[in-house]
């Protein structure tokens, strides 16, 4: 699907607030609410928008310690390892990546002893390096410079 500047603005707005009304979105892009509804429906039908979800403040649900864990697997490409990682409930994201670590994960825990237990559990799969998240300055946005789908602003 070829996205224009209106589609990109709508995607940015929906990433910020997935519950924004068509009227709110229409004011943002200076189009009518029915035109915005049609554009959003096309973005959904084409698979550009894959769903909507709530943002959760992990600290307010008892998980104040968030971290990023890099893992260099002892056994590369072992599907069983990925299946085992999926079953670790503290992991909130898990990405198979190129480069030195094989996997980069995000996790949330309630205490330092829970973090230590998580690190020990992950370490059974290979060498891990954990970084505690102090703050998040960028979260869910469209990359800059991609307004027309061809890298032109």
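A short reminder: the numbers here are calculations on the coordinates, not readings from a lab. Just so you know, these numbers come straight off a predicted model, no measurement behind them. Cβ placement follows ideal geometry from the backbone for every residue including glycine, while neighbour counts extend to all protein chains displayed.
Points worth noting:
- Cα pair distances in the chain, grouped into 5 Å bins until the bin that holds the longest one, percent each: 2, 8, 15, 15, 13, 12, 13, 11, 7, 4, 1, 0
- Our summary gives region 27-145 a relative contact order of 30 percent, counting only alpha carbon pairs under 8 angstrom and 6 or more residues apart.
- For the chain, modelled as a GNM whose springs connect Cα atoms under 10 angstrom apart, the maximal fluctuation among 14, 134, 73 occurs at 134.
- Which of 69, 49 has the fewest Cβ neighbours within 10 Å, and the rest in rising order: 49, 69
- Springs join every pair of Cα atoms under 10 Å in this Gaussian network model of the chain, and among 57, 12, 100 the largest mean-square fluctuation is at 100.
- Once the mean of 1/r is taken over each pair of separate Cα atoms and inverted, region 5-45 shows a Kirkwood hydrodynamic radius of 9.8 Å.
- Expressed as a whole percent, the proportion of Cα-Cα pairs in region 31-110 lying more than 21 Å apart is 53%.
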